[in-house]
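Colleague: The following block contains the structure, expressed as structure tokens.
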Amino acid sequence: MRFFLFFTLIYSFNALSCSEVLKPFNIECKNQDRYQKLSDEFNKYSISINELKGYKIPKAIGLINFYANKNDLLNHTNKTLAATKQWLIWNNGQKYINMMSSVSIEMIDILKLHKALFATSFFQDIGSELGKLRTNSGQTNPKIFFNCDDKILNDQIFEVLKNYDLKNQEGYPYLTIENIAECDNKNYSSGELKYFKGSSVKIELKRWLIDLNDMMARYENLNADQEISPLNYLSDMKRWFLAIRPFNQGNDEVVDALMDYAFKRLHLPALQGYTTLPIIYLSAANNRAETFKKLQEQITFFEGCLFEVKTKLISSECSSIK
């Protein structure tokens with residue numbers, strides 16, 4: 001029944017409208033249109049979609065964990081939620097990116113963002129590393145070990161990591177897989193995943209930042225290459241940032257905040273920051289597909305909540321917006 005209602009609601013939106021920036025990009029235009037109409041409809045009930053607890057919770061802690069704990073989380077007060085690390089990180093990130101320049105980002109902004117996210121007694125394990133690239137502290141050449149018992153390094157992931165497509169300025173892959181051995185379960189292998197050495201992290205992060213600033217300006221000035229849509233581009237940028245791994249800890253949280261900044265600048269719906277598989281293990285094409293899928297799921301979720309608000313038959317998933 002609920003799926004029928006979703007489609008009824010979706011196709012009742014006849015006139016398609018979106019910003020000049022996104023008009024050349026059909027997928028982004030449609031999603032901006034859906035999201036804007038959702039926002040307008042929620043406003044009729046004196047509800048802002050960006051302030052919904054039911055929106056902030058999955059955004060802050062990840063959708064999978066959210067559904068596992070929905071009944072407990074949605075009925076807690078903001079004071080209780082504020083004691084959740086992931087909730088606190090996300091709110092800190094939103095406060096910081098709202099102060100960032102709408103024209104360009106500087107390197108210092110990324111370092112300050114890292115500090116802003118984790119500058120609390122909750123995160124003593126990060127401590128002196130706050131706002132410092134991994135060239136300045138900790139392990140400069142991180143490694144991840146895949147054991148047979150982990151059952152992670154399957155054929156698909158192995159193929160992605162064997163000849164990694166993202167390369168540094170000198171032409172070497174950001175990630176390399178070494179000491180590979182076949183497991184008794186032949187569907188998996190063991191091995192050692194290495195990130196590139198930290199001495200060039202700052203150079204690589206600057207490359208990433210120059211690319212982001214350039215493309216954001218091109219989209220906004222209506223002179224971007226239309227062969228790569230904003231959604232695909234930002235999907236690629238998130239994967240690239242995580243492959244660089246500029247910080248010893250907190251890279252996922254930093255790039256999620258940066259992506260929120262970029263999505264807001266382009267007036268796209270903010271995207272939830274979770275994946276079932278680390279993005280660096282996905283091919284570029286699969287990562288783009290996952291990003292698109294998440295965005296569709298997210299908007300559909302709120303279309304369902306909007307219908308429930310209208311009918312006053314609100315499920316536990318949407319109960320926080322009563």
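The values are calculated or read from the model by the stated rules, or taken from the named source; none is laboratory data. Owing to the predicted nature of the structure, the values given are computational and were not obtained by experimental measurement. Positions of Cβ are backbone-derived with ideal geometry, glycine not excepted, and every protein chain shown enters the neighbour counts.
Colleague: Looking at ALA82, ALA60, which one is hydrophobic (A, V, I, L, M, F, W, C), more than 23 Å from LYS206 (Cβ to Cβ), surrounded by fewer than 19 Cβ atoms within 10 Å (Cβ to Cβ) and modelled with pLDDT under 85?
Modeller: ALA82
Colleague: Follow-up question, since we're still on this one. Hey, among the residues in the range 269-322 that are part of a helix (DSSP H, G or I) and of a type in the set (Gly, Ala, Ser), which one's modelled with the lowest pLDDT?
Modeller: If we take residues in the range 269-322 being part of a helix (DSSP H, G or I) and of a type in the set (Gly, Ala, Ser), then SER320 is modelled with the lowest pLDDT.
Colleague: Considering only the range 217-227, I want to know if a residue exists there that is over 22 Å from the mean Cα position of the chain (by Cα) and surrounded by 15 or more Cβ atoms within 10 Å (Cβ to Cβ).
Modeller: Yes, the range 217-227 has at least one match.
Colleague: Take the residues of the range 85-102 that are part of a loop (DSSP other than H, G, I, E, B) and touching a residue at least 60 places away in the same chain (Cβ under 8 Å): which is surrounded by the most Cβ atoms within 10 Å (Cβ to Cβ)?
Modeller: Keep residues of the range 85-102 that are part of a loop (DSSP other than H, G, I, E, B), which gives 98-102.
Within this subset, residues satisfying the condition of being touching a residue at least 60 places away in the same chain (Cβ under 8 Å) are 100, 102.
Values: MET100: 19, SER102: 9.
In this case the residue turns out to be MET100.
Colleague: On to the next question. Does ASP184 qualify as being among the acidic types (Asp, Glu) and over 27 Å from GLU159 (Cβ atoms)? If you could, list the steps in order and put the result at the bottom.
Modeller: Numbers: among the acidic types (Asp, Glu): yes; over 27 Å from GLU159 (Cβ atoms): no.
In short, no.
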